[in-house]
Amino acid sequence: MVMKRFPFLSESTRRLLATMGLLFFSAAAIVFAFPGTRPYLAGAWTNAILLIFLLVLTATGIQALFKKRWLSTFFHLGAALILIGGGLTASHAKEGHIVFTDALYAPIEYRQCLIDGDRVALHSFEIPTYPNGMPRQYITRLAFPEGLRTVKVNAPLRRKGWTYYQMSYQQVVGDYGEPLLNTILTVRKDPGATITFCGYATLILAAFAMAIRETFRRHRAQQQECMA
């Protein structure tokens with residue numbers, strides 16, 4: 001581990017620093033997953049701490065690689081990927097909400113919008129129900145330049161880096177007193193999500209393999225003690 005390279009520190013101090021670093025790393029990785037936290041994490045001191053921590057992880061991983069400690073290398077690589085992905089999410093992720101009115105005579109701004117230069121328009125909105133009348137699903141069909149695409153609850157639509165989520169709907173009254181429905185969508189673009197997920201997968205697999213290896217080592221050591 002990194003802290004073992006500082007023999008002038010007591011064992012309790014090394015454990016405390018390692019625990020604080022792990023807690024900070026875990027909190028940063030979780031908090032960075034939400035774009036709304038960017039205004040609170042924009043300080044230069046936060047970026048500096050994360051950069052230092054990333055450099056330490058990278059240096060430790062490289063050293064483990066040269067020593068052919070493969071599991072340790074992958075563990076630190078996964079942690080570094082989580083920080084990189086979280087940083088990209090915090091600095092470049094975009095999120096917004098779209099409300100479309102399902103009425104042909106509604107003003108154009110209530111039925112379409114522009115996302116990254118592409119026109120996105122509402123084609124239809126449906127609410128299938130169960131026999132007892134309760135909503136079974138919310139289905140929004142959107143018109144893109146290439147054709148129609150569908151967004152459902154728990155079935156988001158992914159297009160050109162953007163993810164469209166069906167969130168809810170509203171019952172409103174039109175200009176002539178007729179009932180209308182508004183479909184509510186959330187759109188999000190997160191360039192760091194894939195990197196973060198890869199980091200978590202790498203870190204978890206490496207930690208699991210390290211735990212298995214340590215278990216076998218202890219079992220082998222106990223067998224040797226019994227034989228002696």
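The values are calculated or read from the model by the stated rules, or taken from the named source; none is laboratory data. Everything numeric here is computed off the predicted structure, so don't read it as measured data. Here the Cβ positions follow ideal geometry from the backbone for every residue, glycine too, while neighbour counts run over all protein chains shown.
Taken together, the residues in segment 99-122 that are in a helix (DSSP H, G or I) and surrounded by 13 or more Cβ atoms within 10 Å (Cβ to Cβ) amount to 1. The selection criterion, being in the same structural domain as L65 (by TED's automatic domain parsing) and either touching a residue at least 40 places away in the same chain (Cβ under 8 Å) or hydroxyl-bearing (S, T, Y) (or both), holds for L205.
Screening G177, G199 for residues that are within 18 Å of the chain's Cα centre (by Cα) and either surrounded by 11 or more Cβ atoms within 10 Å (Cβ to Cβ) or on the phi > 0 side of the Ramachandran plot (or both) leaves exactly one candidate, G199. Of all residues in segment 42-71, those that are more than 19 Å from G85 (Cβ to Cβ) have Cβ atoms under 7 Å from Cβ atoms of residues that are of a type in the set (D, E, K, R) and modelled with pLDDT of 75 or more, 6 or more apart or on another chain, in L71/R213. Considering R136, R141, R111, the condition of being free of Cβ contacts under 8 Å to residues at least 12 places away in the same chain and in contact with a Leu (Cβ under 6 Å, 6 or more places away or on another chain) is satisfied by R111 alone.
Take T37 and decide whether it is surrounded by 13 or more Cβ atoms within 10 Å (Cβ to Cβ), assigned to a helix (DSSP H, G or I), modelled with pLDDT under 75 and not assigned by TED's automatic domain parsing to the domain that holds H123. In short, yes. Of the strands (runs of 3 or more DSSP E) entirely within segment 151-210, those holding at least 3 residues that are under 18 Å from L88 (Cα atoms) occupy 179-189. Please find, within segment 133-150, the residue that is surrounded by the fewest Cβ atoms within 10 Å (Cβ to Cβ) out of those that are hydrophobic (A, V, I, L, M, F, W, C) and part of a strand (DSSP E or B). The qualifying residue surrounded by the fewest Cβ atoms within 10 Å (Cβ to Cβ) is L148.
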